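Since every read-out is calculated from the coordinates, none of them should be taken as a lab result. Keep in mind that what you see is a predicted model, and the values were worked out from it rather than measured. Here the Cβ positions follow ideal geometry from the backbone for every residue, glycine too, while neighbour counts run over all protein chains shown.
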Amino acid sequence: MEGLKTGKKSLKTEFFAAVCVTLFLVASVSAVTVFGCWRLRKWLVPDENYVMLSMKLYTQDKIREALSMRFEVDGAEQAVLLMTAAEDGVPVTENYSPQDIRLSVKSVDYGIGRKGPRRKAAYIGAGIAMGVLPAAYSVAGFLFCALWFYRKKLSPPITVLDDAAEHISRQDLDFTVECGSDNELGALCRSFEQMRQALAENNRAMWDLAQERKLILSSVAHDLRNPIAIIQGYAEHLQIRLEAGSLTKQKIRETAGNIEKAAGRLERYTESVRYLNRLEDIALHPVPADASEFTRKLAQDLSILTKGTQVRLEPVFGPPLQNTEQSGACTLSLDRDAVYRIAENLVDNALRYARRIVRLTFAVTEDTSGTHARYLMIEVLDDGPGFPETLLKEKIKPFAHVSEPNKHSGLGLAIAQLLCRKHGGCLELSNGGENLPGGALARAFIKT
């Protein structure tokens, strides 16, 4: 299976962007928190950059002299210089040696220790917060990022796909798969929607096929009654005349001829049913063909059907088939035999009811619904009485008598419709035309 075609974004890119935004927010909040805690500690102990330098002179039994001085310290080097300067400035008597001088430096903790309990607790808490809160922000940020990414990017398409799978498992295809994501999961949702549409079309095709088979069976059952009833009637007639002794050779010959005709109709009906069944099993094999050349050859072959009649076949070539100078300008992929059968059945049906003219039009059209599929349109219009309203309202049925004075099996339209559907197209019936009002109009669309 080929990889999913994604849109402008991907899950990888979206996840990386979410992580980067989270890192930026965590870093920003952490920086603000650390700065705020530092400012709080600075406010609680304004002299935390100062040290208390104490110098004491010891004798053998007691402290001779003591001196305390406060200095602002910006670094270790400055502290040493200050202490040295302080030592040089102390008035020491000649009775004492330098080793009797002791210096001590008390840091800012000495200063906070002299503050109240609340200030001391706030000062310590701010120091702890400077180390704990950034770590807590990091954990909370990544948890929030994961939760947000799941709810916004993963959960909606997964829910849509799960709901679609549940509908399909119930064989319910009356729904749509909609997802606004422009990433791999969104592409997967669109693939699900395409699969649903394909399944729905297959189900509709199977339903139509089942209905057509049902119509065929009902038509066969209905139409077989007439020849069977005729055969039974003639059989009873022969028995009655035989018992009455009035059966002559001439009567036997006439009755046998009528029975033979009825049996021939039965044979044609059963053969038509077998022919339709064979057509349903036929696999089409489309091959490339030059549209202009193919349609002109087809029109030339179909004109032979008008020999021996007073009807004229008038071919019309629409765009882009009217241009014969550019050979190969329009190439179609189609099954030649299937297209020949479709056009032959439509023209043959029109010749039965046309008075003087049958117009045969070829054109290449494009589906504007979004698939942009190309179709070869074969339009057959005659100047006859047109299709009856019952045939236009109901589906095309085999063995449907479309005209009382000229009864036939109606198999041609059914065959054309079946082949159009197998070729990915359809058959449309209507009445009237621009120049031939009231005539029967049949349009076959063959996907190429």
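Quick notes
- Label point distance in nm, GLU14-VAL29, each placed 7 Å from Cα along Cα→Cβ: 2.3
- Amide H contacts for ASN183 (H built 1.01 Å from N in the peptide plane; partners 5 or more residues away or on another chain; cut-off under 5 Å): GLY7.
- When you restrict to C-alpha pairs under 8 Å that are six or more residues apart and normalise by the size of region 186-281, the relative contact order lands at 32 percent.
- A straight line joining the Cα centroids of region 235-304 and region 6-42 runs 84 Å.
- Amide H contacts of VAL358: ARG312, LEU313, GLU314, each under 5 Å away and 5 or more positions distant or on a separate chain (H built 1.01 Å from N in the peptide plane; Pro and chain starts excluded).
- Between ILE304 and ASP367, the FRET efficiency estimated from the beta carbon spacing at R0 = 41 angstrom works out to 0.80.
- Only the Cβ atoms of Lys and Arg (+1) and of Asp and Glu (-1) were treated as charged; on that basis the dipole of region 186-281 about its Cα centre amounts to roughly 200 debye.
- Judged by the mean number of other Cβ atoms found within 10 Å, the most tightly packed of the peptides 246-256, 160-170, 414-424 leads the ranking 414-424, 160-170, 246-256.
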